[in-house]
Amino acid sequence: MAALAESFGRGAMTNHWIDIRNSDVILIMGSNAAENHPVSFKWVMEARKKGAKLISVDPRFTRTSAKADLYAPLRSGSDIAFLNGMIKYIIDNELYDEFYVKHYTNAPFIVNKDFKMPGELDGVFSGYDPKKRKYNKKAWAFQKDENGVIRKDMTLQDPYCVFQLLKKHTSRYTLDMVEKITGTPKDKLVEIYKTYASSGKPDRSATIMYAMGWTQHTVGTQIIRTMAIIQLLLGNIGVSGGGVNALRGESNVQGSTDHCLLFHILPGYLKTPRASQQTLTEYNNKYTPKTNEPMSANWWGNYPKYSVSLLKAHYGAKATPENEFGYEWLPKLDDGQNASWIMLFHEMLLGKFKGFFAWGQNPACSGTNAGKVRKALAKLEWMVNVNLFDNETGSFWRGPGMNPSEIKTEVFQLPCAASCEKEGSITNSGRWAQWRYKAADPPGEAKPDSWIINELFWRVKRLYEKEGGVYPDPVVNLAWDYGPKTPEGKVRVIDPHAIAREINGYFLEDKVIKGKLFKKGTLVPSFAYLQDDGSTSSGNWLYCGSYTEKGNMMARRSKKDPTGLGLYPEWSWCWPVNRRILYNRASVDLNGRPRNPKRPVIYWNGSKWVGDVPDGGWPPLINKAKTRLAFIMKPAGVAHIFGPGRADGPFPEHYEPLECPVQENPLSKSHRINPAVKLFFEVEDGQEKPRKGGGLPEDIFATYDSRYPYVATTYRVTEHWQTGVLTRHLPWQLEMMPQIFVELSPELAKEKGIRSGDKVIVSSARGKVWAIAIVTNRFRPFKIMDKTVHQVGLPWCFGWQYPEDGSGGDSSNLLTPTIGDANTMIPETKAFMVNIEKA
Amino acid sequence: MALEQVDIKRRLSGVDVPTRRKGLLVTPELCIGCRGCQTACKEWNKLPGDRTVNRGTYENPPDLTPNLFNRIRFVEVGSGDALKWLFISQRCMHCTDAGCMKVCPAPGALYRTDEGAVAFNKDKCIGCKFCVAGCPFNIPRYDEQGRVAKCHLCSDRIAYGLQPACAKTCPTGAIRFGDREELVSYAKNVGFKSLYGMNDLGGLGVLYAFKEKPSYYGLPDKPDFAPTISLWKGILKPLALIGLGGALAAAATHYITVGPKETDEGGEE
Amino acid sequence: MEKRLLQKTTAWERCNHWILALSFIVLFLTGLGFLYQSLNWINTVFGGNHLAKEIHRWGGLVFAISLILTMGNYFAEAVSFTEEDKKWLSSLGGYFSRTEEPPPQGRLNAGQKLFYLVVVLIFGLAISLSGFMLWFFNTSRGLILFAHFLHNLSYIVFAFAVPLHIYLSTAANPGTLRVMTRGTVSAAWAKKHHGKWARDMGVD
């Protein structure tokens, strides 16, 4: 999501599931949609029926590859090389959409003359501080004129314009080089590049479907950035059948991320305040971007309206202008603090946590380096495991290698309701918030999550009220009006509609906006009406409009499709403002005419936009006085080919995974791995091998090491859900996929004397698991830097706790390393090194 | 089980297939091997999951069982760039000329529904396993009580206008349910000139749209039941009655024409 | 001509025959019920298909045992082929002429020998063995197909041969039924039908 926000302005799938059917070329890379998003394949197949070409690029031949017109293998962790090669191909053969690149991206922007790139600095961009492993991003600044407006060269010829820099940067990614890094044969590369780049014409569109195969790398964000750049070069953003489509790993990941699942954001992608931001004004100033670009909408300029409305939703009447709407009560991160997944368990192992709520998750299997996670859990005083079933996390103390008598952690198991046993909304990858009804009562003592939270809140609040405590204000001042209350003030039953309405937001007083009166207590129709003076509330500005005076928009189920593109504007509700295809104003020419008349998303009829909800209602670009640029969430109004906001460089560069089969980065001797990642185990200079005693033994890694010579990756299977807690208990699913397996090529199997069905041991520097060998031609040896490199793969959906006889095996995350992406800290579980031996 | 209730409405036997016959169109090209159909089938038919092991393949269970009416086979063919991974649903074909029904000695154990499906009634099955021998596709299985079990095209769903569970679940349309005639014309419209099962065995209820040879998917190129069954059904079975009748007629004729061999002793009484 | 009775069968033989005959009839009828859906009502009379199946199986066991026991009674004689048998065959047993008479026969004539050897021995064994295969060894498709075919083929033979056997032993040859009821035949009957045997038994 970090890459999408950097490139386009919003961290979400740009299009939506049904729109995949409108594509001419579909690239599935970094995901295995047929297996993990099988329903999406309905639309892939629809597209294919109409003649679309399906391309699958994956280290192994998957069920997705089985359906593809074109398949190419590539070594895990070499995606950027593959995609940078495509950028070079597109530029060299002039296959890019010139109009689009000039008007909708920052390709014409001119970067400062001191800026240097990895080709010149042996693997890093300007501004790198090797001691801190950090960049000074000021080194990546654009040139500006006397008015503070960025200098541009609309001819794209200036040697320091983004386009020329990109051309120069990717010129190192020749077909030979890409083949040597990725192991993908050259003819396949060309075939795929050519097929994909055919979408550079305005009347053709191509889409990318990616998922955890891209995000779970130390360079995950930059892989997606590379693809975003390709899509911008080809003019595939904002059009029907285009986009960069992130397939979320769970049905409601988009919704939970929108509502602040992650540590660094508040609902609606507002920023979590840092300790140094002492006042609301400081905070708002910090995160409200300013621009001197004359035609930029700079939508984030509205930041204070959204942050104040959020505070009003949090603290209700207690939030007043005098107390900065309760800003003081918001929890704050220390400056520079990272509280992501890997860090949480790292700190837990160091004994910095007393308690832990494992809510609807199974970190003992899903967490990277699961052996470390399990040890960390033993350092807790208490743990609450909220789940449908007991799992490896709740029972960690009696797991393999554990001595229950030495573990002090007290575990509380709270059975909770399944999704169909409660009412509420889920938001799918395409940003559609769909209301769901309760189908059945939860069994036994299981309770909905909201019931559990309500009880917890009430009891904690009462304790604070009775006993005081260090800082009771944030809790006792929370507004909690989610249903009828007892005389003491406890909410009896949480009403999901009350929550949905709070998320949408209310007018808190009579308010006249743009000449229209809104009565106190009514629901805000759209975020355009939110205010920064405390007169409105909204629990998540992005969802403002989802539950209005017209009713629950998320519950709509109309199959009307006026555009014929499958937008279904009255089916559920989609953020923002029910816009189905983001950045859709980039699909038209200067006059507002659709550039692809076959599939017009929107067009200007002379006075307004018709079709999808336009991404900004201003007139077309030809009207220079009134128009605003198409990418309204970016300060300069255009999409970022040059992305100066990321931690690890404005352009994507290939770096090897932490554990890799080559001694050095074929592109730069000094920087084998991403220079901006946080290391958990210190490295020696040069090849960046582990330094003896450089960290906790749990965090050890082994690269270019004869003990662990094979590249490994992990994945899911259709038959199981995540760590399998829900599906391993279903005999039907277990019957189809009963045991952990490892897939390997016949060539490697022959070398190791392994036959299909044999039990083998797969080990990494951190742990080992047994698995059943599946010897298959779907894996084939790679030629990397002229040497044969084998790759294997294992699913991570098994765990020791169920089936109870242990016949399923354990999680392959016992093998994966402690390291994450430089921007997101998403763990690198998709590329690491292992050994495999017959058991 | 709802099956028995529906069963009352069903004609007990016979091979006369209704004209508005329902069927399935299976298009392996569209199948992504997700096995949603395999689970949906078990769920609707309330079939238990069996304990299995991984045999070095995704395909599991290794064969149809009395608890598994529909199985996705995973077939890997070739290697390198020619590698193909094929997925295909293995299940009862609901033949017009159904070998199993031909040989079944217990009327009503296997029966033709109004929609043209070959359904079964465990209560009537006598467990002789003749249908196993009669089936050209090796489909029927026997449970622990020795009663037949196989796909019945969700006869208890389609009788009420619902689709079979497998077709309902299939995300890509690889299993498509409908009037057989409409399925045939649909397949033609999307470019399949010939369908597997179009005319075989009088026309299969489950049609396959193949691009490759059927044998690629492990199906007989020209399905037919064992010749002994045709021989029996076509010639010998009528002959048995003719034989019986003939023998009686011959005896009568002989008695009337030639007459008995009387012992000429003038009566022995 | 004096009235004299000759013992043609022992009580043991007669008991066996009727057990065989009775089990045959039961098997034949239930078999008809299984074979022809239009005749399935027969099995309803036997208590439904499930009971009929059990009756057919256990009846088959009785039939098979009885069949084997019967063989002891005539096997040795049936395989010995004599000059009289040849003549009997060439005259078709005299059954197709009101005048022609085959030469005097032994205890068993050629027709009976053939019936015993072909129908009773070969097809009796075939129908029994195939029946047991269908009962106990029905694990492979090929075995079932083979056994089923054999069972049905033998059934036709029986369907054809047994009615004739009954006709020949009753209406066609009055006085013959006694052989299997009382066990004795009149000397006159013996002379006419088994002249040689009658001679051996002391009837002139």
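Counting only helices (runs of 4 or more DSSP H) that sit completely within region C:1-85, those holding 2 or more residues that are among the basic types (Lys, Arg) correspond to C:48-79.
Can you confirm whether A:Ser537 is within 29 Å of A:Lys102 (Cα to Cα) and at pLDDT 95 or above? It is false that A:Ser537 is within 29 Å of A:Lys102 (Cα to Cα) and at pLDDT 95 or above.
Suppose the filter is open to solvent by 10 Å² or more (accessible area, probe 1.4 Å) and either in the same structural domain as A:Asp58 (by TED's automatic domain parsing) or at pLDDT 95 or above (or both); does A:Met227 pass it?
It is false that A:Met227 is open to solvent by 10 Å² or more (accessible area, probe 1.4 Å) and either in the same structural domain as A:Asp58 (by TED's automatic domain parsing) or at pLDDT 95 or above (or both).
Taking helices (runs of 4 or more DSSP H) that do not extend beyond region C:97-175, which have at least 1 residues that are of a type in the set (Gly, Ala, Ser) and under 25 Å from C:Leu29 (Cβ atoms)? Full working, then the answer.
Values: elements: C:110-114, C:124-136, C:141-169.
Those helices (runs of 4 or more DSSP H) span C:124-136, C:141-169.
Kindly establish whether A:Thr320 is β-branched (Val, Ile, Thr), assigned to a loop (DSSP other than H, G, I, E, B) and either crowded, with 17+ Cβ neighbours inside 10 Å or in contact with a Ser or Thr (Cβ under 9 Å, 6 or more places away or on another chain) (or both). So A:Thr320 does not fit the description; no. Number of residues in region B:68-109 that are without any contact (Cβ under 8 Å) to a residue 60 or more places away in the chain and within 10 Å of the chain's Cα centre (by Cα) equals 1. Among the residues making up region A:700-740, those that are in a loop (DSSP other than H, G, I, E, B), more than 27 Å from A:Ala376 (Cα to Cα), of a type in the set (A, V, I, L, M) and open to solvent by less than 20 Å² (accessible area, probe 1.4 Å) are A:Val717, A:Met737. The condition of being of a type in the set (Gly, Ala, Ser) and either under 30 Å from A:Gln164 (Cβ atoms) or in the same structural domain as A:Leu166 (by TED's automatic domain parsing) (or both) holds for only one of A:Ser276, A:Ser296, A:Ser256, that being A:Ser296. Apart from one condition, B:Ala174 fits all of (1) in contact with a strand residue (DSSP E or B) (Cβ under 8 Å, 6 or more places away or on another chain); (2) open to solvent by less than 10 Å² (accessible area, probe 1.4 Å); (3) more than 9 Å from every other protein chain (Cβ to nearest Cβ); the exception is (3).
Identify all residues within region B:32-46 that are among the charged types (D, E, K, R) and more than 9 Å from every other protein chain (Cβ to nearest Cβ); write none if there are none. The answer is B:Lys46, and nothing else.
When the helices (runs of 4 or more DSSP H) confined to region B:68-162 are screened for residues that are within 25 Å of B:Lys237 (Cβ to Cβ) and within 11 Å of chain C (Cβ to nearest Cβ), those reaching at least 3 such residues are found at B:99-103, B:130-134. Counting only residues that are open to solvent by 10 Å² or more (accessible area, probe 1.4 Å) and either in contact (Cβ under 8 Å) with a residue 24 or more places away in the chain or in a loop (DSSP other than H, G, I, E, B) (or both), region A:588-608 holds 14 of them.
Apart from one condition, A:Gly249 fits all of (1) part of a loop (DSSP other than H, G, I, E, B); (2) out of contact with any Pro (no Cβ under 8 Å at 6 or more places or on another chain); (3) crowded, with 21+ Cβ neighbours inside 10 Å; the exception is (3). Scanning region A:658-699 for residues that are open to solvent by 40 Å² or more (accessible area, probe 1.4 Å) and closer than 23 Å to A:Thr170 by Cα gives A:Gln663, A:Glu664, A:Lys669, A:Ser670.
With respect to the conditions (1) surrounded by fewer than 21 Cβ atoms within 10 Å (Cβ to Cβ); (2) closer than 25 Å to A:Trp618 by Cα; (3) in contact with a Leu (Cβ under 8 Å, 6 or more places away or on another chain), A:Val524 lacks only one, and its number is (1).
Scanning region C:145-204 for residues that are among the hydroxyl-bearing types (Ser, Thr, Tyr) and more than 8 Å from every other protein chain (Cβ to nearest Cβ) turns up C:Ser154, C:Ser169, C:Thr170, C:Thr176, C:Thr181, C:Thr184. What are the residues in region C:1-42 that are among the polar types (S, T, N, Q) and facing another protein chain (nearest Cβ under 9 Å), if any? Within region C:1-42, C:Gln37, C:Asn40 qualify. Looking at this structure, is A:Gly430 within 30 Å of A:His37 (Cβ to Cβ), assigned to a loop (DSSP other than H, G, I, E, B) and at pLDDT below 95? Answer is yes for this residue.
Under the condition of being of a type outside the set (D, E, K, R) and out of contact with any Leu (no Cβ under 7 Å at 6 or more places or on another chain), the residues counted in region A:193-206 number 4. Criterion first (surrounded by fewer than 19 Cβ atoms within 10 Å (Cβ to Cβ) and touching a residue at least 40 places away in the same chain (Cβ under 8 Å)) does C:Tyr116 satisfy it? In short, no. From the list B:Leu244, B:Leu239, the lone residue that is out of contact with any strand residue (DSSP E or B) (no Cβ under 8 Å at 6 or more places or on another chain), open to solvent by 50 Å² or more (accessible area, probe 1.4 Å) and not assigned by TED's automatic domain parsing to the domain that holds B:Ile175 is B:Leu239.
Of the residues A:Thr816, A:Thr824, only one is farther than 28 Å from A:Pro400 by Cα and more than 13 Å from chain B (Cβ to nearest Cβ); which? Exactly one of A:Thr816, A:Thr824 is farther than 28 Å from A:Pro400 by Cα and more than 13 Å from chain B (Cβ to nearest Cβ), namely A:Thr824. When you check A:Thr824 against the structure, is it open to solvent by 30 Å² or more (accessible area, probe 1.4 Å), hydroxyl-bearing (Ser, Thr, Tyr) and either farther than 17 Å from A:Thr703 by Cβ or in contact with a helix residue (DSSP H, G or I) (Cβ under 6 Å, 6 or more places away or on another chain) (or both), yes or no? In short, yes.
For region A:68-81, the criterion of a residue being touching a residue at least 60 places away in the same chain (Cβ under 8 Å), hydrophobic (A, V, I, L, M, F, W, C) and in a helix (DSSP H, G or I) is satisfied by at least one position.
Picking from residues in region A:771-813 that are in contact with a His (Cβ under 9 Å, 6 or more places away or on another chain) and outside any loop (DSSP other than H, G, I, E, B), the one that is nearest to the other protein chains (Cβ to nearest Cβ) is A:Pro795. Consider region A:725-758 and keep the residues that are within 10 Å of chain B (Cβ to nearest Cβ) and of a type in the set (D, E, K, R). The one that is nearest to B:Leu68 (Cα to Cα) is A:Glu735. Residues in region A:564-582 that are buried (at least 20 other Cβ atoms within 10 Å of the Cβ) and either aliphatic (A, V, I, L, M) or in contact with a Pro (Cβ under 7 Å, 6 or more places away or on another chain) (or both): A:Leu565, A:Leu567, A:Asn578, A:Arg580, A:Ile581, A:Leu582.
The values are calculated or read from the model by the stated rules, or taken from the named source; none is laboratory data. Since the structure is predicted, the reported quantities are computational estimates derived from the model, not experimental observations. So basically every Cβ, Gly included, is an ideal-geometry build from the backbone, and we count neighbours across all protein chains shown. These accessible areas exclude ligands, DNA and RNA; they are computed on the full protein's heavy atoms, side chains included. Shrake-Rupley method; radii C 1.70, N 1.55, O 1.52, S 1.80 Å.
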